[in-house]
């Protein structure tokens, strides 16, 4: 099995606020991420697909096709958007790294027809990221990406 | 999704990187001067040397629907700061960290020591620690049953 990883970057704004909590609790739990007008990040997304290279093309999955899937499913939805208000898949969720990574997984998995989606790693900054993977599938990809 | 779901449930892990700078000297009292020199090379130079270490901590757990988080980042940061960074940053690992008075402060042993210091974090499960000693060398430990930093007498692995 071979793993291929494609990296893309997108920029988006968000705010952490749970309407079920009081203003004071929101401030305590989320700190400056609760600032009312939101803030933004340059996100880096790494998508890893695993499979056997096709004997004719030598490819697990055509990177051009993966690039197009990422453009359609992630860039057009999230790049230069406000994640709380403009991405329906995140409606009602706090747009943390954990939740965004999971939403991206759920968007990508049904679209990848060759190979198997192995890991989605979303960096909010160089020092903070979330990994999403299927239990039991993650360790090899984690090492490949580390 | 339903057919794929049988492959295993979706899991989310949080990765957080921390930075600290410290000095160390690789030297074992169980080896002769010549053996120390041969095994540890320039890492055995008597006055030690330092690194800018990068510590990567991975935790897993249920994402709390109220916060969208596995663990509150400020709690994780505070725990790591208290348990590791305050004790290690701008310190001599050999002199200032009790565990390395007797044990060689290789980055392998450092991984084990830091894992043991962080495994008590109550809000999430510690999956692994990974340390970059330099941008070219990294070490990882996931608590594979070794509870203690091994005794210095076992430190015979050849270094750079």
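The values are calculated or read from the model by the stated rules, or taken from the named source; none is laboratory data. Owing to the predicted nature of the structure, the values given are computational and were not obtained by experimental measurement. Note that each Cβ is placed from the backbone with ideal geometry, even for glycine, and that neighbours are counted across all protein chains shown.
Some notes on this structure:
- When B:41, B:48 are checked against the criterion of being farther than 30 Å from residue A:99 by Cβ, away from chain A (no Cβ under 13 Å) and either free of Cβ contacts under 8 Å to residues at least 60 places away in the same chain or exposed (fewer than 13 other Cβ atoms within 10 Å of the Cβ) (or both), B:48 stands alone in meeting it.
- Some residue of segment A:84-102 being within 14 Å of chain B (Cβ to nearest Cβ) and farther than 24 Å from residue B:62 by Cβ: no
- Given (1) over 21 Å from residue B:67 (Cβ atoms); (2) more than 10 Å from chain B (Cβ to nearest Cβ); (3) modelled with pLDDT of 95 or more, number of the condition residue A:134 does not satisfy: (2)
- Test result for residue A:95, over 19 Å from residue A:5 (Cα atoms), over 10 Å from the mean Cα position of the chain (by Cα), touching a residue at least 24 places away in the same chain (Cβ under 8 Å) and surrounded by 14 or more Cβ atoms within 10 Å (Cβ to Cβ): yes
- Segments classed as helices (runs of 4 or more DSSP H), wholly inside segment A:25-111, with at least 1 members that are modelled with pLDDT under 95 and touching a strand residue (DSSP E or B) at 6+ places or on another chain (Cβ under 8 Å): A:63-70
- Any hit, segment A:48-59, residues being within 16 Å of residue A:130 (Cα to Cα) and in contact with a helix residue (DSSP H, G or I) (Cβ under 9 Å, 6 or more places away or on another chain): yes
- Filtered residues of segment B:116-142 (kept if assigned to a loop (DSSP other than H, G, I, E, B) and modelled with pLDDT of 95 or more): B:119, B:120, B:121, B:122, B:123, B:124, B:142
- Residue match in segment B:118-129 (condition: within 14 Å of another protein chain (Cβ to nearest Cβ), surrounded by fewer than 19 Cβ atoms within 10 Å (Cβ to Cβ), over 11 Å from the mean Cα position of the chain (by Cα) and closer than 26 Å to residue B:44 by Cβ): no
- The residues on offer are B:84, B:80, and the sole one that is more than 14 Å from chain A (Cβ to nearest Cβ), part of a helix (DSSP H, G or I), on the phi < 0 side of the Ramachandran plot and touching a residue at least 60 places away in the same chain (Cβ under 8 Å) is B:84.
- For residue B:105, the conditions (1) in contact with a strand residue (DSSP E or B) (Cβ under 6 Å, 6 or more places away or on another chain); (2) surrounded by fewer than 16 Cβ atoms within 10 Å (Cβ to Cβ); (3) assigned to a loop (DSSP other than H, G, I, E, B) all hold with the exception of (2).
- A Cβ distance below 6 Å, combined with a sequence gap of six or more or placement on separate chains, defines the contacts here; from segment A:100-125, residues that are without any contact (Cβ under 8 Å) to a residue 24 or more places away in the chain reach residues that are outside any helix (DSSP H, G or I) in the pairs A:109/A:117.
- In segment A:74-81 there is at least one residue that is surrounded by fewer than 18 Cβ atoms within 10 Å (Cβ to Cβ), more than 13 Å from chain B (Cβ to nearest Cβ), in contact (Cβ under 8 Å) with a residue 40 or more places away in the chain and at positive phi.
- Some residue of segment B:15-34 being touching a strand residue (DSSP E or B) at 6+ places or on another chain (Cβ under 9 Å), in a loop (DSSP other than H, G, I, E, B), closer than 30 Å to residue A:135 by Cβ and facing another protein chain (nearest Cβ under 10 Å): no
- Residue in segment B:66-75 that is more than 10 Å from every other protein chain (Cβ to nearest Cβ), within 30 Å of residue A:135 (Cα to Cα) and either assigned to a loop (DSSP other than H, G, I, E, B) or free of Cβ contacts under 8 Å to residues at least 24 places away in the same chain (or both) present: no
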